[in-house]
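Heads up, the thing below is written out as structure tokens.
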Amino acid sequence: MNETAMKSRTSFFTREPGFKRKLFILMGTITLQNVIAYSVNMADNIMLGRFSQEALSGAATVNQIFFIIQQLCLAIGDVTVLIGSQYWGKQQLSPIRKIIGISLKTVAICCVIVFLCCTLIPEPLLRIFTSDEYILSEGLNYMNVVKYSFILFMFSSCLMAALRTVEVVKISFYVSIVSLVVNCCINAVLIFGMFGMPRMGVVGAAIGTVTARAVEFLILFIYILKKDKVLKLFSENPFKKDKGLSKDFAKAAAMMIPAELGWSVATPFQSAVLGSLSVNAIAANSIATTFYNFLKVIVRGAASASSVIIGSEIGKGKMEEVKAKGRTLSVIFICIGLVLGGMLLLLRGPLLSMYVLNDEALMYANQMIALYAFIMVTMAYQMPVTIGIIRAGGDTKFNLILTLTGIWCVCIPLSSLAAYVWHLPVILVVFFAQIDQVYKCIPAFLRFRTYKWIRKLTR
């Protein structure tokens, strides 16, 4: 009995050599790739901000539609990783290729729908987010060109997820760097009319984005076709029909896509609540969320890396090792949250010194960064646990319920009441707008401890 207890104690956390190194290499590469990919659209915003306020606002309005598309792609990619990583653990590549084929066909259907909506009803779509005619005009000019980048982005995201399934992540990082450089160079030339080119403004930014996304897709496609030695996607027909795998994909997608879309659609409601605050509070929150969202990318990288690791272990059939790695990851997530939250607190002085703010706005910004430092700790635990462990383990329903109840039943009602009915202080309104990050921690912890989320999805 003593030997059993000793064995239990020694295996509570994983003792696999190189586990942490593998985790942080995956996490670091995915995080850097996400930061650079996010910067492609940020480059448009920054450069257009120097061109004109209307051009910036028009592009920002279109990017709200792109945000929803981005979450849809993220969900489809996560379904691919969820199922594919378990087959990767079994070293069965043929089912992975078929899952990727199903994913690509799903993306193709979504591309048709998105392109038709952006082509046939662009004005009604943009009027959801703005009623200003000047902004609307710039937004329509931007949308008319940039809609082609949506299609390229959706396929590129699918291919990146496919490679991530078999732990090939470096190429996505390099591709994102090339995409960013191409976008910035073309933006500078076409937005401002450098080197004798016409001064095109928002249309120039759109052309830069489309070109960058085209380069991104071509590099990925050529790499998979010619250079990849792991996945070998086209060594067989990935589009060959497989009813069993199609059913598995559809079942997972039915849980994961509504969760991502439900959260992304709720974002404008949260923005509306925060938009009801004073001018100083809005400025302070904008600054605080900029730093918070930048660090949030690291947490998302941790979740993505963990999902590959957990899925692979389940595929190998090492269920006790899945539990041990899950416990190890949970502690690592808390440490990451404490480090990131501490960074926000320690650096808020130097960060705020970069802005010219009046006394009230500076006070709000100090309070909000301190609040977001706390939120960072809770978010850095619950997001990777729910997405990177529980959902990656095969329990997709739990994340759906937790996400939708957190945003629609807790966050939006409480923040709306705080702002419009109770008229609470600004810092409490902001807290209630982020309270879902705190609310999710306890259900995530309790669900994780049951280990009922460990489910084999392979056939």
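The values are calculated or read from the model by the stated rules, or taken from the named source; none is laboratory data. This structure is a prediction, so every number in the text was calculated from the model and none was measured. Cβ sites come from the backbone with ideal geometry, for glycine too, and all protein chains shown count toward neighbours. In case anyone asks, the SASA skips ligands and DNA or RNA and just uses the protein heavy atoms, side chains included. Shrake-Rupley method; radii C 1.70, N 1.55, O 1.52, S 1.80 Å.
Here is a list: Ala205, Ala161. Which entry is out of contact with any Phe, Trp or Tyr (no Cβ under 9 Å at 6 or more places or on another chain), part of a helix (DSSP H, G or I), at pLDDT below 95 and not aromatic (Phe, Trp, Tyr)? That would be Ala161, the only listed residue that is out of contact with any Phe, Trp or Tyr (no Cβ under 9 Å at 6 or more places or on another chain), part of a helix (DSSP H, G or I), at pLDDT below 95 and not aromatic (Phe, Trp, Tyr). Contact map, the range 373-387: first residue aromatic (Phe, Trp, Tyr), second residue part of a helix (DSSP H, G or I) and buried (at least 24 other Cβ atoms within 10 Å of the Cβ), Cβ cut-off under 8 Å, separation 6 or more or different chains; pairs are Tyr381/Phe333; Tyr381/Gly337; Tyr381/Ala444. Please work out which one of (1) more than 24 Å from the chain's Cα centre (by Cα); (2) open to solvent by 30 Å² or more (accessible area, probe 1.4 Å) is the condition Thr130 fails and give its number. Result: Thr130 fails condition (2) only. Within the range 294-327, the residues that satisfy the criterion of being over 12 Å from Gly388 (Cβ atoms) and not aliphatic (A, V, I, L, M) are Phe294, Lys296, Ser312, Glu313, Gly315, Lys316, Gly317, Lys318, Glu320, Glu321, Lys323, Arg327. Criterion applied to Gly49, Gly58 was being on the phi < 0 side of the Ramachandran plot and in contact (Cβ under 8 Å) with a residue 60 or more places away in the chain, and the one residue passing it is Gly58. For the range 69-125, residues that are under 25 Å from Ala305 (Cβ atoms) and either open to solvent by less than 20 Å² (accessible area, probe 1.4 Å) or not hydroxyl-bearing (Ser, Thr, Tyr) (or both) total 36. Of all residues in the range 383-399, exactly one satisfies the criterion of being part of a loop (DSSP other than H, G, I, E, B), surrounded by fewer than 24 Cβ atoms within 10 Å (Cβ to Cβ) and at negative phi, namely Asp395. Taken over the range 81-106, the criterion of being out of contact with any Ser or Thr (no Cβ under 8 Å at 6 or more places or on another chain) and over 17 Å from Lys456 (Cβ atoms) is satisfied by Leu93, Ser94, Lys98, Gly101, Leu104, Lys105, Thr106. Does the range 345-382 hold any residues that are hydrophobic (A, V, I, L, M, F, W, C) and either in contact with a strand residue (DSSP E or B) (Cβ under 9 Å, 6 or more places away or on another chain) or assigned to a loop (DSSP other than H, G, I, E, B) (or both), and which are they? Those that are hydrophobic (A, V, I, L, M, F, W, C) and either in contact with a strand residue (DSSP E or B) (Cβ under 9 Å, 6 or more places away or on another chain) or assigned to a loop (DSSP other than H, G, I, E, B) (or both): Met354, Val356, Leu357.
Looking only at the range 400-427, residues that are more than 14 Å from Gln270 (Cα to Cα), over 25 Å from the mean Cα position of the chain (by Cα) and open to solvent by 60 Å² or more (accessible area, probe 1.4 Å) come to 4 in all.
Which ones in the range 208-236 are closer than 18 Å to Val169 by Cβ, open to solvent by less than 40 Å² (accessible area, probe 1.4 Å) and either in contact with a Leu (Cβ under 6 Å, 6 or more places away or on another chain) or outside any helix (DSSP H, G or I) (or both)?
The initial filter retains those residues of the range 208-236 that are closer than 18 Å to Val169 by Cβ, namely 216-217, 219-224, 227-233.
Now drop any that are not open to solvent by less than 40 Å² (accessible area, probe 1.4 Å), which leaves 216, 220, 224, 228, 231, 233.
Once the filter is applied, which keeps residues that are closer than 18 Å to Val169 by Cβ, open to solvent by less than 40 Å² (accessible area, probe 1.4 Å) and either in contact with a Leu (Cβ under 6 Å, 6 or more places away or on another chain) or outside any helix (DSSP H, G or I) (or both), the range 208-236 yields Leu220, Ile224, Asp228, Leu231.
Can you name every residue in the range 315-336 that is modelled with pLDDT of 95 or more and under 13 Å from Gly89 (Cα atoms)? The answer is none; no residue qualifies. Somewhere in the range 319-332, is a residue in contact (Cβ under 8 Å) with a residue 60 or more places away in the chain, crowded, with 22+ Cβ neighbours inside 10 Å and among the small types (Gly, Ala, Ser)? Yes: one or more hits. In the range 320-335 there is at least one residue matching the filter, namely being assigned to a helix (DSSP H, G or I) and within 18 Å of the chain's Cα centre (by Cα).
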